[in-house]
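To keep things clear, I will list the structure first and then write my remarks on it.
Every number here is computed from the coordinates shown, using simple stated rules; none is lab data. The structure presented is a predicted model; accordingly, all values stated were derived computationally and were not measured. Here the Cβ positions follow ideal geometry from the backbone for every residue, glycine too, while neighbour counts run over all protein chains shown.
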There are 2 protein chains.
Amino acid sequence: MELSQKRQFKDALYEQFARISRALANPHRLELLDLLTQGERTVEDLANETALSIANASQHLQTLRAAQLVSVRREGLYAYYRLANASVQALWLSLRQVGESQLADVQAVVQHFLADRSQYQSISISDLYQRIEQQDVVLLDVRPSNEFAVAHLPQARSIPITELSQRLAELAPDQPIVAYCRGPYCLFADEAVATLSQRGFEVYRLDGGIVEWQAHGFALAQETAK
Amino acid sequence: MELSQKRQFKDALYEQFARISRALANPHRLELLDLLTQGERTVEDLANETALSIANASQHLQTLRAAQLVSVRREGLYAYYRLANASVQALWLSLRQVGESQLADVQAVVQHFLADRSQYQSISISDLYQRIEQQDVVLLDVRPSNEFAVAHLPQARSIPITELSQRLAELAPDQPIVAYCRGPYCLFADEAVATLSQRGFEVYRLDGGIVEWQAHGFALAQETAK
DNA sequence: TTACTATTCAAGTATTCTATTGAATAGTGT
DNA sequence: ACACTATTCAATAGAATACTTGAATAGTAA
């Protein structure tokens, strides 16, 4: 192969990978992707959660779709978007990891907004795994119930954050509780920990969500609720 | 935390991750990163390999540095760039993986330019590992010798591709050879396989390079040559 | 059919990114 | 001090991206 052909090959190749990066190079699209790690969603739903206009959300989803990072399923009036496959999730985790380890700014943002978080105790995924086996804790999934239905940690019990304060009676006051939600940047679990802690429960925030649990090689459960 | 504050938090956070993606969103910068997986390099060296002007290469390196993906060390006249840490390498691998699994275009590019590749046989990293243990093959590193010096597969022998045809006498004609280079998109090993095959050697191309070897959890060797 | 809903498309403007060029900086060797 | 080299900086013009708005499409319900 000639020199100029080699260059052509490399240019064409790296251009393809750059296309993917470009699709990721926007904060709104990353937020959309992050939401999609929890399962498929409609455009409207995504637009609401991310505070984008519907047209804008749709446009960003088109961009992600052009890069093959998400796929759509149409059912009736709705378009359901989801991650194209598991490697996309791995990529987002990888990106997050680089951000957390490299950018002091990420830590600064978390520090600034989540000062509360350091007041309360958290528990790592591997510690949790052990304590669940010993039936030592109650595991609480505080995400919306449809997300729980799609996938949740085994043994977890669903009490969406919006219902938590009305359903305190369901929790035994003497058993430690671990609350979790979508992942490290989701605030539901923080809120749950604050609420429960105030009522005298011994409560921990799980460091991670279902994606991180899965990345540890542990299995997930579906529906069957409890 | 109030609603508008939550939004502020998320916007700030995802913006940080988008900064990293933006740094990756250019084919030249990806090529630079890919080269840096082999070890540190000077600006001039990188500019030559990527066919960029020095000023342009330097500018792209600044962009990567601003996103904390690479770091510099200055020694005398030269600035040596390298990957900021291992998580950056993992990110690049992740991105490549998504590209390979998702984008038919990547496969098409490889197919189009590397039609030769399918003529010859390749060997996977795990197969190689076994055959090395059995001392069944000669392992040939055909990258430039300075890259070999930084890191190479254990048991590998260095014959840079530029010297290969003059040094054929060093190779036993009856032993199978496995050639490897920087990784799947590096062409040195393809060239070596073509050359050796033509001279009657039994020769395979390793599917991957030192980064992929490392990603399999195997150790690397340094210097000591042979 | 008609009214309605969820989503997508299209166009315009403001912003950001890229490559090029030439000048500036900071080391080295004499 | 001088000439020289490797690298970075600054300014520019052209290309690509983002968000808004309003219109178009396609399915649903009556």
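Might you report the magnitude of the Cβ-based charge dipole of the protein assembly as shown about its Cα centre, with Lys and Arg at +1 and Asp and Glu at -1, to the nearest 20 debye?
740 debye
Rounded to the nearest 0.05, what FRET efficiency do B:Arg199 and B:Asn48 give with R0 = 35 Å and r taken as the Cβ-Cβ distance? Could you check?
Efficiency at R0 = 35 Å is approximately 0.70.
Return the FRET efficiency for the residue pair B:Glu170, A:Ala104: r is the Cβ-Cβ distance, R0 is 51 Å, and the value is rounded to the nearest 0.05.
Step by step, r from the Cβ atoms, then E = 0.50.
Would you mind giving the mean number of other chain beta-carbons within 10 Å of the Cβ of each residue in A:45-52, as a whole number?
Mean partner shielding for this stretch: 1.
Report the charge-dipole magnitude of the stretch B:109-215 in Debye, nearest 20, computed about the Cα centre from +1 at each Lys and Arg Cβ and -1 at each Asp and Glu Cβ.
In total the dipole reaches around 160 debye.
Among A:Leu171, A:Leu140, which comes first, then next, by fewest other beta-carbon atoms within 10 Å?
Starting with the residue having the fewest Cβ neighbours, the order is A:Leu171, A:Leu140.
Give the average, rounded to an integer, of partner chain Cβ atoms located within 10 angstrom of each Cβ in A:65-71.
Rounded to a whole number, the mean comes out at 2.
Which peptide among B:60-69, B:46-55 comes first, and what is the full order, when sorted by highest mean count of other Cβ atoms within 10 Å?
B:60-69, B:46-55
Local charge sum around B:Leu93 (other residues, Cβ-Cβ under 11 Å, Lys/Arg +1, Asp/Glu -1)?
Summing Lys and Arg as +1 and Asp and Glu as -1 gives -2.
Please arrange B:Leu206, B:Leu220 by counting, for each residue, the other beta carbons lying within 10 Å of its beta carbon, fewest first.
Fewest-to-most Cβ neighbours within 10 Å comes out as B:Leu220, B:Leu206.
List the distances, in nm and shortest first, from the label point of B:Val72 to the matching label points in every other copy, placing each point 7 Å from Cα along the Cα-to-Cβ direction.
4.5
If each DSSP helix of 4+ residues adds -39,500 (n - 2.57) and the sum is divided by the residues in chain A, what number results at 222 nm, nearest 500 deg cm²/dmol?
About -15000 deg cm²/dmol.
As an exercise, use a Förster radius of 41 Å and the Cβ-Cβ distance of A:Ser4 and B:Glu2 to find the FRET efficiency, rounded to the nearest 0.05.
E between A:Ser4 and B:Glu2, to the nearest 0.05, is 0.10.
Suppose the chain between A:Ala55 and A:Asn85 were pulled fully straight at 0.36 nm per residue; how much longer would it get relative to their current alpha carbon spacing?
The A:Ala55-A:Asn85 span can extend by a further 8.3 nm.
Looking only at other chains, what is the average number of their beta-carbon atoms within 10 angstrom of each beta-carbon in B:6-12?
Across B:6-12, the average partner-chain Cβ count within 10 Å equals 6.
Between copies, how close do the B:Leu168 label points come, placed 7 Å along Cα→Cβ, listed in nm from shortest?
Label-point distances to the other copies, shortest first: 8.5 nm.
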